[in-house]
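A.B. asks: Mind having a look at this structure? Questions to follow.
The values are calculated or read from the model by the stated rules, or taken from the named source; none is laboratory data. All values reported here derive from a predicted model rather than from experimental measurement. Using ideal geometry, Cβ is built from the backbone for each residue, glycine included, and neighbour counts are taken over all protein chains shown. When the accessible area is computed, the model is the full protein with side chains, heavy atoms only, and any ligands, DNA or RNA have been set aside. Shrake-Rupley method; radii C 1.70, N 1.55, O 1.52, S 1.80 Å.
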Amino acid sequence: MNFDISDLLGDWEYQAGQIVVRRFTGKDGKEKIQLRVDLGLLQMDAFGRPDGKKPYGHETLFEHYQARLKKHMEANDGNEEGFKLDAEGCSKLQQEAIQFHHRYICLFQLKDFAAVVRDTERNVAVFDFVEKYAEARELAWSVQQLRPQLLMMQVRARASVALEGGDHDAAITAGEDGIEELRQFFFRIERPELADQSGELQSLQGYLEEIRSTRPLSDRERLEKALEEAVQREDYEKAAEVRDKLRKLQN
């Protein structure tokens, strides 16, 4: 067996500072994603757990811990009290979340925004799970530090899905809701001053302004703009004509 991948790397140019990704079907018939990095490449499955493993017979480690919680509750009359994640459990879930993090970055580059939403929603559920059940607050915080970047990616993906469907209003709503959720996160961790320093928040605010600036005007907005321009030019005949059209539209 030849383990040398020099020819493969030589045919795929690496561009420093850029995310270079491709998607293909592997020999096993499953969709794969490859990410070119400076010293080689990373390969992951496009569905399921990125490394293709099934920890403890489950699709993901997160599902394993969810099953453990369910078993705990069944043994305690539906009570979840006493169920805790130790340092090892939190660390393993964080490592798995990073796998999904790598994948949704690649998926975003591939413009598969629906899949980005899928993977980011999955990681949000993991972060919430760790935050709720970690036996120590500092263990939960080690995972929560990834949340701002996660939310930024999720919001941009949701807005992109809406834009692909021609729904600028839904894209704007996604941006506004995401910015508010990110602000609430900093308040929840009792560090509201970090909101103004957050690169993720600044990125979302810039992205939201970009969406707003490209939103097509409605018929009413176009007429209102035309009326304003006619008044500024002191073209009162045109202003009266536009005003009549506005009244008809309102009626």
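A.B. asks: Within region 172-215, how many residues turn out to be touching a residue at least 12 places away in the same chain (Cβ under 8 Å) and either β-branched (Val, Ile, Thr) or touching a Gly at 6+ places or on another chain (Cβ under 9 Å) (or both)?
C.D. replies: Of region 172-215, the ones touching a residue at least 12 places away in the same chain (Cβ under 8 Å) are 172, 174-179, 181-183, 185-186, 189, 195, 198, 200-201, 203-205, 207-208, 211-212, 214-215.
With either β-branched (Val, Ile, Thr) or touching a Gly at 6+ places or on another chain (Cβ under 9 Å) (or both) added as a condition, the list becomes 172, 179, 189, 204-205, 207-208, 211-212, 214.
Result for region 172-215: 10.
A.B. asks: Would you check which residues across region 146-171 are farther than 18 Å from residue 122 by Cβ and without any contact (Cβ under 8 Å) to a residue 40 or more places away in the chain and list them?
C.D. replies: Matches in region 146-171: 162, 165, 166, 167, 170.
A.B. asks: Being in a helix (DSSP H, G or I) and open to solvent by 20 Å² or more (accessible area, probe 1.4 Å) is true for just one of 228, 234. Which residue is that?
C.D. replies: The unique qualifying residue is 228.
A.B. asks: Let me ask you something else. Can you find, within region 130-159, the residue that is most open to solvent (accessible area, probe 1.4 Å) among those that are in a helix (DSSP H, G or I) and out of contact with any helix residue (DSSP H, G or I) (no Cβ under 7 Å at 6 or more places or on another chain)?
C.D. replies: At the first step, the residues of region 130-159 found to be in a helix (DSSP H, G or I) are 130-133, 137-144, 147-159.
Still in the running and out of contact with any helix residue (DSSP H, G or I) (no Cβ under 7 Å at 6 or more places or on another chain): 132-133, 137-138, 141.
Values: 132: 119, 133: 17, 137: 162, 138: 129, 141: 106 Å².
Restricting to residues being in a helix (DSSP H, G or I) and out of contact with any helix residue (DSSP H, G or I) (no Cβ under 7 Å at 6 or more places or on another chain), the top hit is 137.
Here's the yes/no breakdown for (1) over 19 Å from residue 210 (Cα atoms); (2) of a type in the set (Ser, Thr, Tyr):
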site	(1), (2)
142	yes, yes
166	no, no
171	no, no
176	no, no
188	yes, no
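A.B. asks: Scan region 1-27 for residues that are in a loop (DSSP other than H, G, I, E, B) and modelled with pLDDT of 90 or more and jot them down. Write out each step before concluding.
C.D. replies: Our first condition is that a residue be in a loop (DSSP other than H, G, I, E, B); within region 1-27, this holds for 1-5, 11-19, 26-27.
Of everything in region 1-27, those that are in a loop (DSSP other than H, G, I, E, B) and modelled with pLDDT of 90 or more turn out to be 26, 27.
A.B. asks: I need a count of the residues in region 29-41 that are open to solvent by 80 Å² or more (accessible area, probe 1.4 Å) and either of a type in the set (Phe, Trp, Tyr) or at pLDDT below 90 (or both).
C.D. replies: Residues of region 29-41 that are open to solvent by 80 Å² or more (accessible area, probe 1.4 Å), as a first pass: 30, 38-39.
Then drop every residue that is not either of a type in the set (Phe, Trp, Tyr) or at pLDDT below 90 (or both), which leaves 38-39.
Residues flagged as open to solvent by 80 Å² or more (accessible area, probe 1.4 Å) and either of a type in the set (Phe, Trp, Tyr) or at pLDDT below 90 (or both) within region 29-41 amount to 2.
A.B. asks: Further question: Output the residue which, of all residues in region 189-213 that are in contact with a helix residue (DSSP H, G or I) (Cβ under 7 Å, 6 or more places away or on another chain) and under 12 Å from residue 152 (Cβ atoms), is surrounded by the most Cβ atoms within 10 Å (Cβ to Cβ).
C.D. replies: Selected residue: 204.
A.B. asks: Find all pairs meeting these conditions: Cβ atoms under 8 angstrom apart; at least six residues apart or on different chains; first residue within region 19-38 and touching a residue at least 12 places away in the same chain (Cβ under 8 Å) and at positive phi; second residue open to solvent by less than 50 Å² (accessible area, probe 1.4 Å) and assigned to a strand (DSSP E or B).
C.D. replies: none
A.B. asks: Which residues, taken from region 175-216, are outside any helix (DSSP H, G or I) and either in contact with a Pro (Cβ under 8 Å, 6 or more places away or on another chain) or under 24 Å from residue 128 (Cα atoms) (or both)?
C.D. replies: Taking region 175-216 first, the residues outside any helix (DSSP H, G or I) are 189-191, 198, 215-216.
Within region 175-216, 189, 190, 191, 198 meet the criteria.
Yes/no matrix, rows are residues, columns are (1) open to solvent by less than 60 Å² (accessible area, probe 1.4 Å); (2) over 30 Å from residue 21 (Cα atoms); (3) without any contact (Cβ under 8 Å) to a residue 24 or more places away in the chain; (4) charged (D, E, K, R):
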residue	(1), (2), (3), (4)
43	no, no, yes, no
58	yes, no, yes, no
71	no, yes, yes, yes
74	no, yes, yes, yes
78	yes, yes, yes, no
